[in-house]
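Report on the structure given below.
Please treat every number below as a calculation from the coordinates, not as lab data. Nothing here was measured: the structure is a model prediction, and the numbers come from that model. Cβ: placed from backbone, ideal geometry, glycine included. Neighbour counts: every protein chain shown.
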Amino acid sequence: MPQLQTRRWPVWLICCLLSVVHTHAQNDATVPQQVKVTPDMRTQQISISWLGGSATLFDVMILRTELNETVFYNQVQATFNQTTGRYEWNWTSAEPLECTSLSVRIRSRRGAVTSEWSSTQILQGNDLPTIANYQMYPEERIVRTGGSTTFCCIVAEGGVFGSVQYGKTAMNATRLSRRSYSITVTHQAPSNRTGTNVVCTDALEKTKLSGTAVFVGYPPLLSDFHCETRDLTSAVCQWKEARDTRLYGKRRTVYSLNKRKCQKAGLGENLMTCSAEHWEGNWTLEAANALGRDSISDSAEIRHRVRPVAPANLSAVVYAWNATLRWNWGYDAYNSLPLVCQVELNFHENKTKRTYTSVGLTTLRLSELYPNEKYSVKVRCGAQQNFWKWGNWSQPLSFKTNIDVPDQPDVWMHINNDNSGQIIWKPLTARESHGPIASYEVTFWSPKENLQHTETLPPDTFMLPINVTRITAFTNDNQVVATVTAKNAAGYSPPASVIIPLRVADKSHIESRVAYMDGGFRLVWQDDSNSSCGYVIEWHDALCQQDCYLEWVKLAMGSTNASIESANFRPGVKYNISLFSCSSELLQYWQGYMQELAPSRSVPHLSIRQEDSNVFLTWEAMPEAHRRGYILGYNIYLNNDSQLVLLANLSGEESRKYTVKGLSKGTYKFTVKAFTSAGEDTGATISIRVDQLDDWLILNMLISLGTLALLLSIASFFCYRKRKWVKTAFCPDIPQPKLNDDWGRTQGPLDVRPSPHNLVHVVEKPELDSLKGVLVVIPEEDEEEADRIGDASVDTDEPASLRYYNQMIDERPVRPRSPDSSDSSSSSMDSGQTDVTYTGIQTSASSLGFHTDQRDSAEFGMAASGDGYRPQRQPASHNSLPIPPQSSQAACSGGYKPQSSWDLNSPGEAEEQERLAPCLGSPTSVASTQFLLPDGESEERGEEKRPLSASAAGWFTNLLSSAKP
Amino acid sequence: MAEQQQQEEEEGMRSPNTPVPGGSPTGKALSLARLLQYECSRLLQLYTEQETFLSELPAEGGRMVSLGSSTEEPDPEEAARRMHAALRQCLGLLHCAIARAEEEWGEGESDYETLRYTVRIRLEHLLHTTKNLLQTDDVALEVTPDIRCDEETDGSGGAFQLKLWTHRVLLELVHWADHATQALHVLHTQREGAQDV
């Protein structure tokens, strides 16, 4: 143990030294004495004061007493109050001071050395057990918009804290003490008139609550402040609140004018007023509420701020054309005040203002009023010099002016073509009648004969029919004057006269068109020296012929142009406009449209007819009533149902026919549309079925064919009757051939079948067939017979001695002889066949080899090489001819060669064609009248018809093709 | 208490266009009472819409308008007279509420404030009607407000307390308007029979 005590002594020594140092320091920093805490509940500020020491720096500690939570602990610079000898320092609490008790203690500080803490001073809150009820603080706080406020709720003893609501928002609460809870609201929005409620409720019992109302608003903000005088003595100052402070009732803004409180600042349309008994020249308005204050100033002389009161006791002395207004002011100071007054005059829908000036104005004369008119007037005035503002309007005064005689009526006349007519005048308006019209009087007067007749008409009559013929019967004068007067209770109007010409002017030679421009028909004419009293321009609907609705206008003497305007002008209506001298002499005459429209209907009576391939369209003129503009022409369309194809544009109204040329067969629809400058009408459509001219061609061809058939029949009949002669002429008996050797292996008759081609045309230009070998048939008949044959032959250009050519077979139908035979010739060459132009039967040399073997062919070739006549072989089925044994030699000598021939219609024709093909081009002699002259049966049946029909068909085809456009 | 308030409000919210009970004095008084009943309920509704925290606040604090306790069931005439006396106190409360509100917040033009003025006029009208209906040579009836506005009346506890107090006044109005309807209905039944009810 001693060892332990020995080891402890250094620690004890250090503690003693520290204690000495500390004691020394405490001796230097005096402990604050008599600490006093003074609260300001409204500002939530506590003033702390104490005595003692010379230090200026103190440590202040503030705690929530109940929970011993530090609210504030810091060094503060205290203020020494020389008067009281106490140090003072203020602190503002975030929470209302009623929320909970606060403990305050202070110690003085000198550098790092501090004194002992003072005794604790407690500021009692309202959460003491002795105050047991529910409470809410602060009470009725007025805060600025956007600010922050901390509220606290003190729960009743025994109660359970539930919630705190700010307005409609539930807030999070912070516990300050056993019974006290606080919420802090930031960015507070302006409250309504009765404030924003902050309500604290018990968690268990709804009826247990506490609350407060907070008023969030703005400090006053003034604008538009000015002072004026109404009575030239006192002042009335006005201003506006630039924004609503949101504070009302006992929290409202309080105003003072030049330090005198405004007892009751009037409020109207955000305009506040405050009055002063005397004008002071300089004015200052101050406004204050719980959140702040504002002031605004104005300075002016009283004469510069005169705003007169409303004229009082306004009255009027009324006449027909004017009235005198009287009123009074009520302040003597106005008598010397130069005033400018404004009279607002209301009548019907019109409102005019007139201005009058005078010193102390109390009466004025309203001139230029209309008789028999109701007026309402009111007056207001302002200072003429240094005008400030108009005063108030007086109470309106109504009166009616007296009546007067009517104005002169506007009279005109119109004579129809049938010499009937009318005297017409425009109804007098209320402005012109000056009172209810009682009647009209029309007086006819013949100047030369001084005859006079008067008719009285009721007030609703504005026209008197006349008959010029009847008037003429009663007077020898050239003209009659009609005078019209209107009458009302005040008397007669000035008379209005019009001259009735007793002859009707001819309009036809002076008509011209006039354009409508800038809202009217622009008329220009040359001044007529005879029209010394002016002109009358009259217009009416051009379609109207009798008792038309007339409009007219009278122009002064010397006028040479006018723009005729009328609300009655309608688009699409043509107007007749006539210029008369004042003596009713027609000077000029126009027609025009206010606005042209497209015709209202299609062209009438559209018709169509066909001639050949053309169609002719015709139509009639558009009726005047449907034109609605000047017809400029017509458009002709081909109507394809889906669209209109413009065919022609015809200019001029008179162009009312059109021809569509070169139409092919088909149905066509044409649409014709008349057009004005405004466009086309709806169009008239007509259709036509164009008959093809082929029908005519077919008819012509049939007629031709019939004629040809008739001629051929006649020829056939002739040939039949003269067949012997024909046979002699064309088919002479062939002499018996002489056979020198064995001409064939078999001595049977030669079966010469006809070529598949039954038509043979002898080529008329043998020189073109130079490539072919030529066999010349030399008949043995006498010259006379040969001559006969030549005369009777169809081929009249054939030489007297028939020549047979080797030929190439053409299966095509025989065509009529063409002028250009080279075509047919060449085509024959191309096909490997040759047309032989001849009215006989064609055959083929190849047929000769049809029924012979190779040797036969060789023998035939030998025969062909010889000259002289050679018999021809024929098929057994035909007329058997004796076959000369030396035929091959004869053929070779260039004489007659036999040819095979068979019926065209024989079966196996195609096959035979093929078999014959290798023989084409080989020199073959054909010479047989048998072939050239068929028997009478075949002649009658078809061998003549076939070429005929083929020829006709070809001609028909050519016609068709040539007929096509 | 809350159920009673709800029942009163529901009854009060009946349309004022319900059939009027004829043109007899009691009929007219009954019609007026019904109209007042509707308007008081509507006024309470508007006020709770304006001060929303009151919508969930049950009535408390007992009757503001009290009549002398009577053990016996009064006859219809007497019940109507008691009703008349209660309405006079209600009128006094309403006068105080209006004056205090205007002092506190100024004169507004909201629907509540407009209807509040209407209810005051209607209540005065009903008092005049019932006075004419019930007054006899022996019994004189007054129509003036029977309550003076002082701190004892409204508590003068600030704006929030004024709102609570006003709410109580409106509840009282609804209650006594309903009571007046019932009393006048009984009186009308007694005087006019079952017809026109």
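Among the listed pairs A:LYS259/A:LYS389; A:LYS400/A:LYS487; A:LYS574/A:LYS661, which have their C-alpha atoms separated by more than 32 angstrom in this model?
Result: A:LYS574/A:LYS661 exceed 32 Å.
For a protection proxy built on the mean count of beta-carbon atoms within 10 angstrom, sort A:391-401, A:657-667 highest first, please. Intermediate results must be reported in sequence, preceding the final value.
Numbers: A:391-401: 16.5, A:657-667: 12.6.
Per-residue mean Cβ counts within 10 Å order the peptides as A:391-401, A:657-667.
Would you please give the FRET efficiency between B:GLU73 and A:THR169, computed as 1/(1 + (r/R0)^6) with r the Cβ-Cβ distance and R0 = 41 Å, to the nearest 0.05?
For B:GLU73 and A:THR169, the calculated efficiency is 0.25.
Using alpha carbons only, what's the Rg to Rh ratio of region A:301-380 with Rh from Kirkwood?
On the Cα set of region A:301-380, Rg over Rh gives 1.01.
Would you tell me the mean number of C-beta atoms belonging to other protein chains that fall within 10 Å of each C-beta in A:206-218, as a whole number?
Mean shielding count: 3.
Got a sec? How would A:GLU585, A:GLU69 order by Cβ neighbour count within 10 Å, fewest to most? Intermediate results must be reported in sequence, preceding the final value.
On the way: A:GLU585 16, A:GLU69 13.
Listed from fewest to most nearby Cβ atoms, that is A:GLU69, A:GLU585.
Just subtract the alpha-carbon distance of A:ALA625 and A:LEU710 from 0.36 nm times their residue separation and send over the number in nm, one decimal.
Gain in length upon complete extension: 24.0 nm.
Order of A:718-726, A:187-195 by packing, highest average Cβ count within 10 Å first?
With the highest mean Cβ count within 10 Å placed first, the list reads A:187-195, A:718-726.
Over region A:265-406, what number does the Rg to Rh ratio reach, with both radii from the alpha-carbon atoms and Rh per Kirkwood?
Numbers: Rg = 19.8 Å, Rh = 17.6 Å.
The Rg/Rh ratio comes out at 1.13.
Give me a single rounded figure for A:536-547: the average over its residues of other chain Cβ atoms within 10 Å of their Cβ.
The shielding value for this peptide is 0.
Return the long-range amide H neighbours of A:LEU345 (sequence gap of 5 or more, or a different chain), with a cut-off of under 5 Å between placed amide H atoms.
For A:LEU345, the qualifying residues are A:THR352, A:LYS353, A:ARG354.
Please average, across the residues of B:103-112, the number of beta carbons from any other chain that are within 10 Å of each residue's own beta carbon, and give a whole number.
Shielding by partners across B:103-112 averages 4.
Give me A:TYR516, A:TYR255 sorted ascending by neighbouring Cβ count inside 10 Å, so fewest comes first.
Final ranking by Cβ density, sparse to dense: A:TYR516, A:TYR255.
Which pairs break 26 Å Cα to Cα here: A:LYS206/B:LYS163; B:LYS131/B:LYS163; A:LYS206/A:LYS250; A:LYS261/B:LYS163?
B:LYS131/B:LYS163; A:LYS206/A:LYS250; A:LYS261/B:LYS163
Peptides A:128-139, A:94-105: what's the order by average Cβ count within 10 Å, highest mean first?
Sorting A:128-139, A:94-105 by mean packing, highest first, produces A:94-105, A:128-139.
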